[in-house]
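Chemist: Structure incoming, see below.
Values in this text are rule-based calculations from the coordinates and carry no lab data. Because the structure is a prediction, the values reported are computed rather than measured. Don't worry about glycine lacking a Cβ; one is built from the backbone with ideal geometry, like all the others, and counts go over all protein chains shown.
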Protein chains: 2
Amino acid sequence: MHSDSVLIYFVLMKKNNHACDLKSCFLCSRCLPEWLPAIGANKKNIHFKKGELIFEEGEAVGGIYFLFKGKIKVHKRWGNDKQLILHFAKEGDMIGYRGLGNERVYPVTASAMEEVIVCFIDTPFFEATLQVNHQLTYSLMQFYANELQKAEQRMRNLAHMDVKGRVAETILMLKANFGQNKEGFINIALTKQDMASYAGTTYETFFRMLNELTEDGIVKVSGKSIGVLKVAALEKLIANL
Amino acid sequence: MHSDSVLIYFVLMKKNNHACDLKSCFLCSRCLPEWLPAIGANKKNIHFKKGELIFEEGEAVGGIYFLFKGKIKVHKRWGNDKQLILHFAKEGDMIGYRGLGNERVYPVTASAMEEVIVCFIDTPFFEATLQVNHQLTYSLMQFYANELQKAEQRMRNLAHMDVKGRVAETILMLKANFGQNKEGFINIALTKQDMASYAGTTYETFFRMLNELTEDGIVKVSGKSIGVLKVAALEKLIANL
DNA sequence: CAAAAAACATGATTTAAATCATACTTTTGC
DNA sequence: GCAAAAGTATGATTTAAATCATGTTTTTTG
């Protein structure tokens with residue numbers, strides 16, 4: 001073994017220890033303790049720079065990812081300049097699970113919104129893990145059931161809710177997912193284009209709606225930060241009536 | 001035991017035998033053979049008339065249904081006169097599986113489109129079944145993964161595809177799901193309002209789009225029957241470019 | 001079987017939201 | 001550190017699709 005290889009080996013060790021404690025993620029927390037060493041031996045930590053793709057729509061599925069550091073957006077493209085953002089993933093989230101159906105091709109693109117470290121498990125090992133850990137399979141089934149409910153709720157919103165309602169919903173989702181700091185601003189810095197792409201509208205329309213909400217004293221905006229002032233008013237906008 | 005009860009008992013027996021052979025449905029075909037008698041003892045056959053609700057959005061989840069006869073539409077309401085149809089279920093389909101997430105409330109309404117017979121399994125027994133039949137749990141997980149992919153695909157279509165494309169998609173979905181008869185018409189009679197509600201548009205717009213497709217010789221319409229003349233032309237309309 | 005209720009068919013009108021156009025400001029990469 | 005690129009900000013214009021209005025035909029049901 002070259003001294004180079006040894007060096008690389010220790011660097012990876014350090015990263016692994018830093019990134020994954022084999023306890024907290026969706027996978028490790030639901031596995032039989034006896035199986036954890038197998039996971040430790042099979043996981044790979046991978047680093048991505050801002051803007052890099054973790055995987056792309058149409059690409060063959062390699063495995064499943066667990067996000068340890070950074071934020072990732074998961075989106076579907078349309079044409080060559082439109083997209084619908086399905087999810088903003090944060091530390092602890094699972095990524096790539098949409099590729100586990102019959103079609104072994106990713107139906108979405110995942111791109112790093114900042115420096116990202118993921119823990120990667122390839123499909124053959126993940127499937128073996130599911131065969132052995134029944135409680136994990138059951139949890140994953142429940143997880144999918146919940147995601148399906150959310151997706152169909154959003155389908156209906158895209159079909160019938162007006163843009164202002166979807167903007168309100170986007171803001172409330174961000175608040176619920178990322179929390180807010182002491183100044184009352186949501187803890188995530190997104191471009192307005194990305195927020196618009198989540199709401200299923202254009203940048204311009206999103207901007208105008210945000211202006212209206214600001215004028216009505218429902219939200220406050222400062223650069224990339226958005227703060228909710230009147231939750232009830234936002235909830236009223238998304239009310240199904 | 002009253003003679004009335006005896007009568008009812010035999011009627012139910014007969015119905016059961018007619019409706020369910022404990023072999024072909026999603027549930028029975030994936031269970032351990034040893035478990036089938038338990039299913040036989042716990043399933044209930046229920047009859048619905050046209051227009052009756054199998055369950056309704058917001059109602060507490062009772063269990064899961066397997067459709068043996070008839071057709072059911074699964075939809076989400078908006079306001080009090082709009083809806084988005086998520087699925088047209090036919091013989092063999094599973095219904096009510098959306099209620100299996102954390103929220104134990106149906107997120108959708110299921111209504112009988114004609115005379116319907118379903119086989120009902122209550123949640124406690126279904127969960128026991130999942131705990132015992134790991135392969136079934138795994139299959140169900142895969143099933144959900146596929147449904148999620150389809151839902152997110154449609155989400156993107158509702159956000160970015162034009163109505164004509166969604167009409168084309170609706171027609172191709174119906175053809176793929178229900179097949180066509182010798183005359184080349186799709187084997188399902190739906191109101192245009194229902195087709196429009198699936199495509200996420202209004203009756204009037206759906207009607208106009210269908211007219212355009214007819215004028216261009218892409219489809220043929222005769223009463224409630226629609227026939228596809230040029231598949232490629234429909235596929236081109238839904239092409240993502 | 002007749003009356004009421006759905007569903008069908010189409011033209012005219014309105015409207016929400018996308019697109020286009022243009023200028024300024026902040027990031028980012030070489 | 002500066003040029004290019006990405007993001008922000010807004011007004012003006014267009015357009016796709018919803019809504020409204022009205023008459024007809026088909027289905028359901030008491």
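Chemist: Suppose you put the label 7 Å out from Cα in the Cβ direction; list, shortest first and in nm with one decimal, how far residue B:217 is from each other copy's label.
Modeler: Spelled out, the distances from residue B:217's label point are 6.5 nm.
Chemist: Could you give the angle, 0 to 90 degrees to the nearest 10, between helix A:163-178's Cα long axis and the longest principal axis of the Cα atoms of chain A?
Modeler: Between helix and principal axis, roughly 40 degrees.
Chemist: Here's another thing I want to ask about it. Give, rounded to the nearest 20 debye, the magnitude of the charge dipole that the stretch A:162-237 has about its Cα centre when Lys and Arg contribute +1 at Cβ and Asp and Glu contribute -1 at Cβ.
Modeler: Approximately 180 debye in magnitude.
Chemist: Could you pull the copy-to-copy label distances for residue B:203, with points set 7 Å along Cα to Cβ, in nm to one decimal and sorted shortest first?
Modeler: Result, one decimal in nm: 4.2.
Chemist: Within 10 Å of each Cβ of A:76-86, how many other protein chain Cβ atoms are there on average?
Modeler: On the way: counts 8, 3, 7, 5, 2, 0, 4, 3, 7, 1, 4.
Average neighbour count from other chains, rounded to a whole number: 4.
Chemist: Along Cα→Cβ, 7 Å out, is where each label goes; now give me the distance between the ones at residue B:202 and residue B:176 in nm to one decimal.
Modeler: Label-label distance for residue B:202 and residue B:176, simple model: 3.0 nm.
Chemist: Count, for each residue of B:132-143, the Cβ atoms from other chains sitting within 10 Å of its Cβ, then give me the mean as a whole number.
Modeler: Average neighbour count from other chains, rounded to a whole number: 5.
Chemist: Could you give the angle, 0 to 90 degrees to the nearest 10, between helix B:123-132's Cα long axis and the longest principal axis of the Cα atoms of chain B?
Modeler: On a 0 to 90 degree scale, this one is about 80.
Chemist: What do you get for trypsin sites (Lys or Arg not before Pro) in the stretch B:75-142 restricted to DSSP loop and a cutoff of at most 12 other Cβ within 10 Å of the site's Cβ? Before the final figure, lay out the partial values.
Modeler: On the way: sites: B:76, B:77, B:82, B:90, B:98, B:104; in loops: B:90, B:104.
In loop regions of the stretch B:75-142 (DSSP not H, G, I, E or B), the sparsely surrounded trypsin sites (Lys or Arg not before Pro) are B:104.
Chemist: Run through the other copies and list how far each one's label point is from that of residue A:122, in nm with one decimal, shortest first; the point sits 7 Å from Cα along Cα-Cβ.
Modeler: 4.8
Chemist: Ok, one more. Nearest 20 debye, what's the magnitude of the dipole of the protein assembly as shown about its Cα centre given +1 on Lys and Arg Cβ and -1 on Asp and Glu Cβ?
Modeler: It works out to roughly 240 debye.
Chemist: Across the residues of A:103-111, average count of Cβ atoms on other protein chains within 10 Å?
Modeler: Mean partner-chain Cβ count within 10 Å for A:103-111: 2.
Chemist: If you take the square roots of the eigenvalues of the alpha-carbon gyration tensor of the protein assembly as shown and sort them as a ≥ b ≥ c, do you get rounded (a/c under 1.5), prolate (a/b over b/c) or oblate?
Modeler: oblate
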